[in-house]
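The values are calculated or read from the model by the stated rules, or taken from the named source; none is laboratory data. Predicted model only: the values in this text are computed from it and were never measured. Glycine gets a Cβ as well: all are built from the backbone with ideal geometry, and neighbour counts include every protein chain shown.
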Amino acid sequence: MNTVFTTVGVISLISAALALLLSIANKTIANYGEKKLLINDEKEYTIEGGDSLLSSLIEEEIFIPSACGGKGSCGYCKVKVLEGGGQTLPTELGYLSEDEQKDGVRLSCQLKVKEDIKIEIPEELFSIKQYECTVEFIKDITPKIKHLGVRLPQNSEIEFKAGQYIQILVPIYDGNDEEIYRAYSIASPPSSKDLIELFIGFTGGISTTYVHKHIKANDKMTLIGPFGDFYYQDNDREMIMVAVGTGMAPIFSILQYMEDNNITDRKVTYYFGARHMEDLYVIEELEQIKESLPNFNHVCCLSRPGENSLWEGEIGRVTDLLEKYLDSPENKEAYLCGSPKMIDSVIEVLKKKGIPEELIYFDKFE
């Protein structure tokens, strides 16, 4: 028995010693001090070394797109590093093309600032703002999707394009010990400049748990944006829209934009996929849009309607709808929003049908 106690004691002492060494290392070896950050050859900042480039930029209120909140799983937070970035990490390679790697493009969430650094980012990122908002309403529109209305501060407005997204700052709460950012497409039209609407489905993650289990009306919420290069393209091509789940949001924003601006001459077909009848939402609103846009039509399908379902519509996946209804590819472009797997499968069908890849616009979400 004494031997057991002695062994436990020795292990505890070793663990304590290792913890002390790690603490000393963090304060000495990993203490890089202050570093210079130069952006676009004209804007210079003093930042703390050792942090990720993404977090350092956020500290300076420069907001880079980051749908995964800096976890290295979305590939959105790309910046061009001219000097001081070090070697590209293995965690970045899956998100960078060979040309991007040659040009010095990096994932800012993975790059730790260890020396003075010089980068290039699009100028429009400097106009992205952070807003301290109030949740005006939150309601269930399906068993798994919440509809949020978030009011901007008094006398504040946000300018965005139909189809873009914002990020919300998820605070520390019971069960979550760190602040994180998560991206959500805007469901409201650009004409709504002080009220942002979102459709947020429950996945059990940190952000969706915050929204579904903790938020209530009149709570404060921090929004940042707008972001994204997925948005309405102003031309005369016929529009093929495809979405599943909360991918409805940017499509709904685009359709409302077209309604607000009386864009009635473009033909639009929207294919929406869900599992069950209870997963269908804003169908009445889509019917109302159809009254304003005579060349708009929407087709819904269910992949699992159930044996006793009253569903009389299409059964299958959205790819089945495209195979069935999409004919000639001439003068068409496509707008897709959904999971990476869904997007990839739809792109393959569209390409097979003859729609050029450069005319397929999409927004993937996890």
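Of the residues screened, N297 is not one that is under 23 Å from P250 (Cα atoms), exposed (fewer than 12 other Cβ atoms within 10 Å of the Cβ) and at pLDDT 95 or above.
For every residue, the table says whether it meets (1) over 30 Å from V211 (Cβ atoms); (2) surrounded by 13 or more Cβ atoms within 10 Å (Cβ to Cβ); (3) among the aliphatic types (A, V, I, L, M).
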position: L54; (1), (2), (3): no, yes, yes
position: A67; (1), (2), (3): no, yes, yes
position: K78; (1), (2), (3): no, yes, no
position: K102; (1), (2), (3): yes, no, no
position: L107; (1), (2), (3): no, yes, yes
